[in-house]
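The values are calculated or read from the model by the stated rules, or taken from the named source; none is laboratory data. Fair warning: this is a prediction, and the values are worked out from it, not measured in the lab. As a convention, Cβ positions derive from the backbone with ideal geometry for all residues, glycine included, and neighbour counts pool all protein chains shown. Surface accessibility is based on the protein's heavy atoms, side chains included, excluding ligands, DNA and RNA. Shrake-Rupley method; radii C 1.70, N 1.55, O 1.52, S 1.80 Å.
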Amino acid sequence: MRIAGILLAAGRGTRFGAHKLLCPVEGAPMVLGAARALAPLDGIIAVTREGDQAMRDLLSAQGIRAVGCAAAGNGMGASIACGIAATAGWDGWIVALGDMPFVSAETVEQLARLLRRGAQVAAPVYRGRRGNPVGFGAEYAPLLGALTGEEGARRLIRTFVPLEVDDPGVLIDIDTPDDLCAQH
């Protein structure tokens, strides 16, 4: 069973005030921290804005295939759909956010295990709160591929197999410089 990581790296970072995914976190661009967590998977596709050559170059230098999404400006749902299209035929996906650099690879590996055991939606839970990334099985490919808008896949996650983790990184996303400072 092949499971792809879809790394969402097409956001504009408007609340951050800069290209936040390129901002250093623990000595490396934020997006690379998020990508490292996906290392246990069979492949990683990073969805970027079309024309974001700096992001594409950075990811390519790390051996990560970057796919430009013409519809990225329409929201996270469109970026997920682009990632699904780029991995058509795969058996499952773990959708990760480029602004969540503190998720552990162990959490991703455990989510992949749940998908391989037949779960169709799996998500980490830390101290009673659902976090990210979220895993999806093949049954969800048509729904994921049809997403649009800013909501992303939230409406598809009504029921999920919970993965209890001791990984606070599943709840930490960086939207503002203050969020980043709070982690140091």
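Before moving on, here are some points about what is shown:
- The alpha carbons of region 38-148 occupy a box of 38, 29, 25 Å along the principal axes, longest dimension given first.
- Residue-normalised accessible area of the chain, given per residue in Å² at a 1.4 Å probe: 46 Å²
- The region of the chain that goes longest without hitting one of the trypsin sites (Lys or Arg not before Pro) in a DSSP loop, each with at most 15 other Cβ atoms within 10 Å, is 16-116.
- Additional length obtainable on full extension of the chain from residue 139 to residue 22, 0.36 nm per residue less Cα span: 38.7 nm
- In region 64-111, the convex hull through the Cα atoms has an average projected area of 4.1 nm², a quarter of its surface area.
- Long-range amide H partners of residue 75 with built H, under 5 Å: none
- Computed as a quarter of the hull surface, the mean projected area of the alpha carbon convex hull for region 86-178 stands at 6.5 nm².
- Placing a pseudo-label 7 Å from each Cα along the Cα-to-Cβ vector at residue 129 and residue 166 gives an inter-label distance of 2.0 nm.
- Fraction of accessible area attributable to carbon and sulfur, the chain (%, probe 1.4 Å): 48 percent
- Counted without the sites themselves, the longest stretch of the chain free of GluC sites (Glu not before Pro) in a DSSP loop having at most 12 other beta carbon atoms within 10 Å is 27-149.
- Note that region 111-121 has calculated 3J(HN,Hα) couplings of 4, 4, 4, 4, 5, 5, 8, x, 4, 9, 9 Hz, one per residue in order, obtained from phi through the Karplus relation 6.51 cos²θ - 1.76 cosθ + 1.60 (θ = phi - 60°); glycine and proline are x.
- For the chain, a Gaussian network of Cα nodes joined below 10 Å ranks 111, 163, 97 by mean-square fluctuation, and the top entry is 163.
- Positive-end extreme of charge dipole, the chain - chosen from 161, 53, 35 (charges on Cβ): 161
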